[in-house]
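Asker: Got a structure here, written out as structure tokens. Questions coming.
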Amino acid sequence: MSGEDLLRARGLRVTRPRLAVLEVLEQSRGHLDVEQIAARVRQRLDTVSTQAVYDVLNALSRAGLARRIEPAGSPARYESRVGDNHHHVVCRGCGEIADVDCAVGDAPCLTPSQAHGFILDEAEVTFWGLCPACQAKRDQDLQ
């Protein structure tokens, strides 16, 4: 489905900034902050303000076309992978973020010890550690 079709299917007007942000998110397959997204959008469009990028990201997130994640101590990041209840692993050294699929079979992360009457449809888990590059740097520094 094209970006235009995705936007229309979610009840959003089709605009050049929305299409550009959607394209950046889909092509990056990563976890970008607003400044990274804005820089890449500016390569596609002559001019776009950072506030316009924030507005587009908020609209895309509300419409379920983008996901906002906020690892502690890091700016908000955005990704196009939505609707599958995946989680993230974050490097304490460099801040790299990678996707982690939820457990196979039943989703145990959706069965908390107490739901307080909520009907749960998603869980957000963040794993923390050191990526391979930071592990190698740490090991080199210890020698």
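Asker: Within 10 Å of each residue's Cβ, count the other Cβ atoms and sort Val100, Val56 from fewest upward.
Answerer: Neighbour counts put them in this order, fewest first: Val100, Val56.
Asker: With 10 angstrom as the radius, rank His116, His86 by how many other C-beta atoms surround their C-beta, starting from the fewest.
Answerer: Fewest-to-most Cβ neighbours within 10 Å comes out as His116, His86.
Asker: Now for a different question. Using +1 at the C-beta of Lys and Arg and -1 at the C-beta of Asp and Glu, which of Ile97, Leu120, Gln135 has the Cα lying farthest in the positive direction of the dipole of region 84-142?
Answerer: Gln135
Asker: Of Pro112, Pro71, Pro17, which is the most mobile in a GNM of the chain whose springs link Cα atoms less than 10 angstrom apart?
Answerer: Pro112
Asker: A further question follows. Restricting everything to alpha-carbon atoms, can you work out Rg to Rh for the chain with a Kirkwood hydrodynamic radius?
Answerer: When Rh is taken as the Kirkwood radius, the ratio is 1.03.
Asker: Right, another one. Would you work out the relative contact order for the chain, in percent, from Cα pairs under 8 angstrom that are 6 or more residues apart?
Answerer: Averaging sequence separation for qualifying contacts and normalising by length gives 19 percent for the chain.
Asker: Then there is this: Using the Cα centre of region 84-142 as the reference point, and only Cβ charges (+1 on K/R, -1 on D/E), how large is the resulting charge dipole? Debye, rounded to the nearest 20.
Answerer: About 340 debye.
Asker: I want to check the label-to-label distance for Gln27 and Met1. Put each point 7 Å from Cα in the C-beta direction and report it in nm to one decimal.
Answerer: For Gln27 paired with Met1, the spin-label model returns 2.2 nm.
Asker: What 222 nm value per residue comes from the helices of the chain, counting each DSSP H run with n ≥ 4 as -39,500 (n - 2.57) and dividing by all residues, nearest 500 deg cm²/dmol?
Answerer: -11500 deg cm²/dmol
Asker: Would you kindly work out the equivalent ellipsoid of region 3-69 from its C-alpha gyration tensor and give its semi-axes, the square roots of five times the eigenvalues, largest first in whole Å?
Answerer: Ellipsoid semi-axes (Å, largest first): 17, 13, 11.
Asker: Kindly put Ile37, Ile97 in sequence by how many other C-beta atoms sit within 10 Å of each C-beta, fewest to most.
Answerer: Ile97, Ile37
Asker: Determine Rg/Rh for region 84-142; Rg is computed over alpha-carbon atoms and Rh is the Kirkwood hydrodynamic estimate from the same atoms.
Answerer: 1.16
Asker: In region 1-26, whose amide N lies under 17 Å from the spot 7 Å out along Cα-to-Cβ of Asp121? List them in ranges.
Answerer: Under cut-off, by backbone N: 10-11.
Every number here is computed from the coordinates shown, using simple stated rules; none is lab data. Computed from a predicted structure; not experimentally measured. Here Cβ is always computed from backbone atoms with ideal geometry, including for glycine, and neighbour counts include all displayed protein chains.
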